[in-house]
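The values are calculated or read from the model by the stated rules, or taken from the named source; none is laboratory data. Just so it is clear, the model here is predicted, and its values are computed rather than measured. Counting neighbours? That spans all protein chains shown, and the Cβs are built from the backbone with ideal geometry, glycine included. SASA here: full protein model, heavy atoms, side chains in, ligands and nucleic acids out. Shrake-Rupley method; radii C 1.70, N 1.55, O 1.52, S 1.80 Å.
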Amino acid sequence: SFFFQLVWLGLNVFLFWWYYLVYDVPPKFFYTRVLLGRALALARAPAACLNFNCMLILLPVCRNLLSFLRGSSACCSTRVRRQLDRNLTFHKMVAWMIALHTAIHTIAHLFNVEWSVQARVEEKATLAAVLSSLGDNPNESYINFFRKTIGNPVGGLYVAFTYLAGLTGVIITLALILIITSSTKTIRRSYFEVFWYTHHLFVIFFIGLVIHGAGRIVRGQTAESLAEHNPEICYKNFTHWGKKGACPIPQFSGNPPMTWKWVVGPMFLYLCERLVRFWRSQQKVVITKVVIHPFKTIELQMMKKGFKMEVGQYIFVKCPAVSKLEWHPFTLTSAPEEDYFSIHVRIVGDWTEGLFNACGCDKQEFQEAWKLPKIAVDGPFGTASEDVFSYETVMLVGAGIGVTPFASVLKSVWYKYCHDATNLKLKKIYFYWLCRDTHAFEWFADLLQSLELQMQERNNAEFLSYNIYLTGWDESQATHFVVHHEEEKDVITGLKQKTLYGRPNWENEFKTIAGQHPGSRIGVFLCGPEALADTLNKQSISNSEADPRGVHFIFNKENF
């Protein structure tokens with residue numbers, strides 16, 4: 001991951017440096033630099049980086065393309081698949097790089113516009129004024145795109161709202177500000193609809209981006225003119241240009257728009273992506289069962305012709321009865337071996353509340369199947385959990401709502417173990433569940449209880465070791481815990497494995513597991529917050545041995 005980030009950063013630095021020199025050194029832009037100074041190169045260098053990053057920004061969200069690559073063993077090694085699993089992290093990094101270069105590009109152009117406007121109203125005796133007047137007479141080509149004789153600040157506002165470059169620049173900058181500010185974790189969690197709608201301003205952003213340079217306001221001296229007018233010599237005699245025996249009047253042309261060449265490929269791929277999503281969303285989905293779990297959590301069991309899934313995958317769900325446009329991501333909690341696919345939905349916002357009511361969960365009486373709402377499903381899409389079966393030993397860590405992918409994993413592991421244990425590579429699972437309280441995930445505790453019972457019946461209780469940590473405990477809970485600690489079953493979850501309070505000592509956990517499985521490759525799978533991801537990643541590195549034959553922890557993180 002660090003290597004790919006370094007390559008990406010290196011390309012950004014190279015492009016900035018290269019295009020800065022392209023506009024700051026060659027004689028083609030000598031007179032443009034007289035008008036605009038260093039701001040010319042400082043505007044064009046980030047523009048090249050913007051083209052590069054706007055080319056990349058859509059690729060990590062082409063979910064069907066990534067799922068196809070992930071599932072293709074011919075072109076996708078485990079190392080490459082792990083990079084694909086970091087698609088949203090890379091998407092965010094590229095977005096921040098776009099924001100940085102947009103800021104530099106915009107500030108530089110503010111100076112360029114001010115100086116271009118000012119040059120048109122300067123005293124005629126200066127070189128900048130003479131250059132700005134070129135194009136006022138026949139057989140002359142202009143270098144200063146601003147042709148009015150209006151001073152600042154009115155002239156600057158005139159450029160911003162009447163010129164194509166100015167107007168599109170304002171629009172795409174505003175769109176980018178709205179997209180980034182509505183993408184914060186708080187907005188995504190509490191106001192997902194705001195995030196969803198503002199993110200679709202990317203359509204306006206890309207349209208504006210493609211036509212932004214069509215006005216060709218950045219102009220340089222033509223090759224023919226350079227052959228007969230050397231600006232590094234002729235600029236000294238600018239008052240005699242065009243006269244007999246002096247330098248001819250220089251001729252200029254605008255730079256052709258280049259952005260479309262960078263982004264047309266990714267835009268086409270993303271269009272195909274959306275067409276595939278639309279086609280899949282039109283396929284009929286039948287809700288076969290709605291289960292109401294405690295603490296306003298519902299389980300939707302569904303069927304769809306040709307639907308095939310792997311463990312830990314996720315789908316996007318649309319309920320037209322709630323919203324005709326919004327798609328929301330949900331982790332699949334069923335196993336591939338089951339004849340249906342399911343999701344668990346916790347009611348925490350307007351959309352989930354609407355789904356809860358549309359399914360008749362707010363009513364006491366039994367809901368007829370034909371009254372259930374129509375559902376559209378896009379997916380499934382691959383995640384890191386698919387690689388669980390590539391290891392003999394795995395550590396699964398779920399924090400809060402991040403426990404849901406592991407419902408599918410644990411179910412599937414158990415199905416495989418029961419039906420074909422000899423061919424199952426996976427021999428040992430260490431499962432860690434961290435949450436403030438288990439109430440909202442009572443359905444998951446029920447699943448663990450069922451697995452615990454079945455393992456005891458098969459005399460293989462050692463196959464799955466699990467630890468539940470309540471991180472939101474207080475003194476009264478701790479006292480209650482101590483009083484009932486000797487009881488056979490845990491008083492909170494009903495499981496034989498006792499609930500623990502606080503947070504795991506990850507260093508001890510890793511060292512213990514490393515000691516029990518020397519010379520093994522151990523997969524570490526997390527679905528949880530970034531802070532925990534950093535901790536587990538560091539522990540995976542520090543507890544892996546340098547010797548290739550020693551124990552190695554391979555860290556994988558879910559992204560949604």
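List of remarks:
- Take the conditions (1) in a helix (DSSP H, G or I); (2) at pLDDT below 85; (3) open to solvent by 20 Å² or more (accessible area, probe 1.4 Å); residue 486 misses just one of them, which is (1).
This table checks each residue for (1) surrounded by 12 or more Cβ atoms within 10 Å (Cβ to Cβ); (2) without any contact (Cβ under 8 Å) to a residue 24 or more places away in the chain; (3) more than 21 Å from residue 19 (Cβ to Cβ).
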{"site": "185", "(1), (2), (3)": "no, yes, yes"}
{"site": "188", "(1), (2), (3)": "yes, yes, yes"}
{"site": "222", "(1), (2), (3)": "yes, no, no"}
{"site": "232", "(1), (2), (3)": "no, no, yes"}
{"site": "251", "(1), (2), (3)": "yes, no, yes"}
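- Residue list for region 192-204, restricted to those being in a loop (DSSP other than H, G, I, E, B) and touching a residue at least 12 places away in the same chain (Cβ under 8 Å): 201
- Scanning region 20-55 for residues being open to solvent by 30 Å² or more (accessible area, probe 1.4 Å) and within 30 Å of residue 273 (Cβ to Cβ) gives a total of 1.
- Residue 215 open to solvent by 30 Å² or more (accessible area, probe 1.4 Å) and not in a helix (DSSP H, G or I): yes
- Entirely in region 1-111, the helices (runs of 4 or more DSSP H) that have 2 or more residues that are at pLDDT 95 or above and touching a Cys at 6+ places or on another chain (Cβ under 9 Å): 2-24
- Set 207, 172, 179: member being within 30 Å of residue 328 (Cα to Cα), open to solvent by 40 Å² or more (accessible area, probe 1.4 Å), of a type outside the set (S, T, N, Q) and outside any loop (DSSP other than H, G, I, E, B): 207
Let's see how each residue does on (1) touching a Cys at 6+ places or on another chain (Cβ under 8 Å); (2) over 21 Å from residue 109 (Cα atoms):
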site: 199; (1), (2): no, yes
site: 208; (1), (2): no, no
site: 219; (1), (2): no, no
site: 225; (1), (2): no, yes
site: 234; (1), (2): yes, yes
site: 240; (1), (2): yes, yes
site: 255; (1), (2): no, no
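- Qualifying residues in region 547-560 (those that are within 19 Å of residue 393 (Cα to Cα) and not in a strand (DSSP E or B)) - the one most open to solvent (accessible area, probe 1.4 Å): 549
- Among the residues examined, residue 394 qualifies as over 24 Å from residue 296 (Cα atoms) and either open to solvent by less than 20 Å² (accessible area, probe 1.4 Å) or not assigned by the TED database to the domain that holds residue 89 (or both).
- Among the residues making up region 515-540, those that are farther than 19 Å from residue 399 by Cα and either assigned by the TED database to the domain that holds residue 92 or touching a residue at least 12 places away in the same chain (Cβ under 8 Å) (or both) are 517, 518, 519, 520, 521, 522.
- Only one of 427, 411 that is assigned by the TED database to the domain that holds residue 505, at pLDDT 80 or above, open to solvent by 40 Å² or more (accessible area, probe 1.4 Å) and not β-branched (Val, Ile, Thr): 427
- Flag if residue 432 is part of a strand (DSSP E or B) and either at pLDDT below 75 or over 21 Å from residue 310 (Cα atoms) (or both): yes
- Contact map, region 83-104: first residue open to solvent by less than 30 Å² (accessible area, probe 1.4 Å), second residue outside any helix (DSSP H, G or I) and among the polar types (S, T, N, Q), Cβ cut-off under 7 Å, separation 6 or more or different chains; pairs are 85/383; 85/556; 85/559; 87/559.
- Matching helices (runs of 4 or more DSSP H) fully within region 219-314 where at least 1 residues are under 30 Å from residue 528 (Cα atoms): 259-281
- Complete set of residues in region 139-161 that are open to solvent by 80 Å² or more (accessible area, probe 1.4 Å) and either modelled with pLDDT of 90 or more or not in a loop (DSSP other than H, G, I, E, B) (or both): 154, 157, 161
- Options 94, 159; residue that is under 41 Å from the mean Cα position of the chain (by Cα) and closer than 22 Å to residue 31 by Cα: 159
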